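Read the figures in this text as sums done on the coordinates, not as results from a lab. Just so you know, these numbers come straight off a predicted model, no measurement behind them. With ideal geometry, Cβ positions are generated from the backbone for all residues, glycine too; neighbour counts draw on all protein chains shown.
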Amino acid sequence: LAVLGLSKGDRCAILSENRVEWAITDLACQCLGVITVPIYPTLPPEQVLQLLTDSGSAVIVASDKKQVAKITNCMTLCPDLQHIVVIDIIESNEYISFDSLIDTPESETVNDKNLDATATSISPDDIATFIYTSGTTGTPKGAMLSHRALLHTGWAARQFVHLGENDIFLSFLPLCHIIERVGGHYLPIMVGAKIFYSEGVFAIKNELAEVRPTVFLCVPRLFESMQEAVLDKVAKAPLKRQRLFNRAIAVGKACVDAEMNGKRPGLISSIQRFVFEKLVYSKLRHRLVGGNARFFVSGGAPLNPSTAIFFESIGLTILEGYGLTEIPVTNVNRPTNHKIGTVGPPLPGIEINIAHDGEILARGPSRMAGYFGRPEATQEAIDSDGWFHTGDIGEVTSEGNLRITDRKKDIIVLANGKNVAPQPIEALLKRSAFISEAVLIGDKHSTIVALIVPSIDRLKAWLKDQDLSPSLLADLSHSSEVKKLIKEEIDRCSKVLADFEKIKRFALITEPFTIEGGELTPTLKVKRKYIAQKYASVIETLVK
């Protein structure tokens, strides 16, 4: 990279799936003082161009033909872009191959001695990377993070958990994602652990069983789908096996409930748990994740407590954490003391404060320096006392754990002035086996309405059990049987809600939310603004 003319302060973009070349490129940049600009490989060409232009990247390292196709015109449209490096072999003289770059002989001006001097000259507070926000709240902004900011999570984690060369990390979340970058990339390198790179969502099920990771970082969606897959398989098993499984889960949950309340499970429950560990739990863990797991970490979105309890009941601990692009991992539960429904206490060195309106404020060594080229946005996000305003609403429990309740900008204000926090309600609805996604609408309207994405596989099985035709799935909006089922599920899940929080009307959305469709960010967060625009006509009929 130095031979290409990159030097301290220059930007190098990485447009690639998780792979070892991603790590090599990133570490090479860190040693040169070059600022890396990770770009999600799922982004469309126009967004890739936007990030390349905004960051002023001089070099981009792309993985394959698919990614190269997105940047064919970037050389002419991005004035700063000088070189395109391609990891996979492509027959073209327009690009530099990754292998040939590695094999480039030392030039007179670039040698090991010079490179060593450059590396040792890098300050912990020099900017190491621009990580662009996911765009759920508008135009992506480049958060400038220092070397200190990127390494703080790894340093802090080692204050309360021992990790070493025997640990195995399976890198599944995109390395562009701040959680994976600090927790699944730098942390295992700091402790000398092994990293296996996943080949993606279609391979992860087999990879978990084959790689047998001791630590695994992921977003809630995968854990929830794993739980659903287990329950679906059990539902098809012989009745005797169903009863054994259900009894085992009931015992596990009872023990977890006691432990979460600071009590010891009773003698009978403990004996039953021991028996079920042999008969059910250990076999299930081995089938799901290889049986080697020490703990898993969930972040990026709220984890459904019922999912956390399910995994805990079979002996798999999921530690929920919290952080943002602008201040990576502020809070995380501890392996020896975790509270389901919270994201745990702050990491060492991190301060958390709750503003008068309930907004979570955070500061510490991992906070960004600001948004690249956006001083006004920086001033709006970071106050004069150094607190970063997260935009999330939360509370600190009496035990010092942080509980996230909603996004500040997502709060729905009804026409009567009542405030409704949508995320907890959406999480309640998604506890139904028949509801895959739920998005609440109602700002400035008289009642709450919802867009519901049903679980098609569950609906198929239900239609079969009810001796109803599968053809009803072809037009869900006119299927009175399916709409009645979903209405019953919504009502069942909403019993604990206040009347003004309850859903009065809903519409069924037949297409699942996807990154490609624009409804989800690359980190699998729902884009509320985009969904509201895409389904504006549907929403209009609901709120009339």
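Can you give me the Cα centroid spacing of the range 30-51 and the range 431-448 in angstrom? Going from one Cα centre to the other spans 35 Å.
Of the DSSP beta bridges with both residues in the range 24-175, give the percent that are antiparallel, rounding to the nearest 5. Could the numbers behind the result be given before it?
On the way: 5 of 12 bridges.
Among the beta bridges of the range 24-175, antiparallel pairing accounts for roughly 40 percent.
Normalised by the number of residues in the chain, the mean separation of alpha-carbon contacts (under 8 Å, six or more apart) gives a relative contact order of 10 percent. Beta bridges per DSSP, both residues in the chain: antiparallel share near 50 percent. When peptides 186-192, 308-314 are sorted by average Cβ neighbour count within 10 Å, with the highest value leading, the order is 308-314, 186-192.
Using only Cα atoms, locate the centre of the range 156-209 and the centre of the range 270-327, then give the distance between them in Å, rounded to an integer. Centre-to-centre (Cα) distance: 16 Å. Each label point was placed 7 Å from the Cα along the Cα-to-Cβ direction; for Ser282 and Ala235 their separation is 3.1 nm. The range 518-543 and the range 351-406 have their alpha-carbon centroids 26 Å apart. Using +1 at the C-beta of Lys and Arg and -1 at the C-beta of Asp and Glu, which of Val396, Ile340, Ile360 has the Cα lying farthest in the positive direction of the dipole of the range 310-416? Checking the options against the dipole of the range 310-416, the answer is Ile340.
Sort 89-96, 381-388 by packing, meaning the average of other beta carbons within 10 Å per residue, with the highest value first. Mind showing how you got there, number by number?
Values: 89-96: 11.2, 381-388: 15.0.
In descending order of packing, they fall as 381-388, 89-96.
Set the bar at 28 Å for Cα to Cα. Now go through Lys240/Lys283; Lys444/Lys495; Lys430/Lys504; Lys464/Lys544 and name every pair that lies beyond it. Intermediate values should be presented prior to the final figure.
On the way: Lys240/Lys283 17 Å; Lys444/Lys495 24 Å; Lys430/Lys504 17 Å; Lys464/Lys544 35 Å.
Pairs exceeding 28 Å: Lys464/Lys544.
Taking every DSSP bridge with both residues inside the range 404-544, close to 65 percent are antiparallel.
Per residue, the chain reaches -10000 deg cm²/dmol at 222 nm when only DSSP H runs of four or more residues are counted, each adding -39500 (n - 2.57). Normalised by the number of residues in the range 131-245, the average gap of Cα pairs under 8 Å and 6 or more apart makes the relative contact order 23 percent. Excluding same-chain neighbours fewer than eight residues apart, the aspartates and glutamates reachable from Lys534 by a Cα-Cα span under 15 Å are Glu511, Glu516, Glu519. Relative contact order for the range 41-140: 21 percent, from Cα pairs under 8 Å spaced at least 6 residues apart, divided by residue count. Loop-located trypsin sites (Lys or Arg not before Pro) in the range 1-82 (DSSP state other than H, G, I, E, B) with a sparse environment of at most 15 neighbouring Cβ atoms within 10 Å: Lys8.
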